[in-house]
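Below is one structure, written out as structure tokens, with a few remarks after it.
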Amino acid sequence: MPQVHVNLFAVLRKHIDGAASVEIEIDSGQTISQVLDELGISADHTRTVFLNNRFAGPDHTLEGGEQLDVFPALGGG
């Protein structure tokens, strides 16, 4: 089954028990949003996602072998 390597940053690491990254098995054609849902990460909690070092939107489809870098939305004032 195809896999993607997911790197989570800052507070998002709590979704993978504090680890920096995880390998996720996917179905070919699955979207970034679906992968994040599987990890329990709401779109409201992400700000920027890079796919193989390039900005990617949540509806981008995956084939396997990719790397996702997911950064949290930051609040402040």
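Assorted remarks:
- Flag for Glu23 being closer than 16 Å to Gln3 by Cβ and assigned to a loop (DSSP other than H, G, I, E, B): no
- So Leu68, is it in a helix (DSSP H, G or I), hydrophobic (A, V, I, L, M, F, W, C), out of contact with any Asp or Glu (no Cβ under 6 Å at 6 or more places or on another chain) and under 20 Å from Pro2 (Cβ atoms): no
- Which numbered condition Val49 misses (of (1) at negative phi; (2) part of a loop (DSSP other than H, G, I, E, B)): (2)
- Any chance Arg54 is basic (Lys, Arg), surrounded by 15 or more Cβ atoms within 10 Å (Cβ to Cβ) and more than 10 Å from the chain's Cα centre (by Cα): no
- Subset of the range 52-65 (residues that are hydrophobic (A, V, I, L, M, F, W, C) and not in a strand (DSSP E or B)): Ala56, Leu62
- Output for the range 34-55, where each listed residue is more than 14 Å from Asp69 (Cβ to Cβ) and either among the charged types (D, E, K, R) or modelled with pLDDT of 95 or more (or both): Gln34, Asp37, Glu38, Gly40, Asp44
Conditions tested, residue by residue: (1) free of Cβ contacts under 8 Å to residues at least 60 places away in the same chain; (2) touching a helix residue (DSSP H, G or I) at 6+ places or on another chain (Cβ under 9 Å).
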| residue | (1), (2) |
| --- | --- |
| Gly18 | yes, no |
| Glu23 | yes, no |
| Ser28 | yes, no |
| Asp44 | yes, no |
| Thr48 | yes, no |
| Asn52 | yes, no |
| Phe55 | yes, no |
| Thr61 | yes, yes |
| Gln67 | no, no |
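The values are calculated or read from the model by the stated rules, or taken from the named source; none is laboratory data. Just so it is clear, the structure is predicted and the values come from calculations on it, not from any experiment. So basically every Cβ, Gly included, is an ideal-geometry build from the backbone, and we count neighbours across all protein chains shown.
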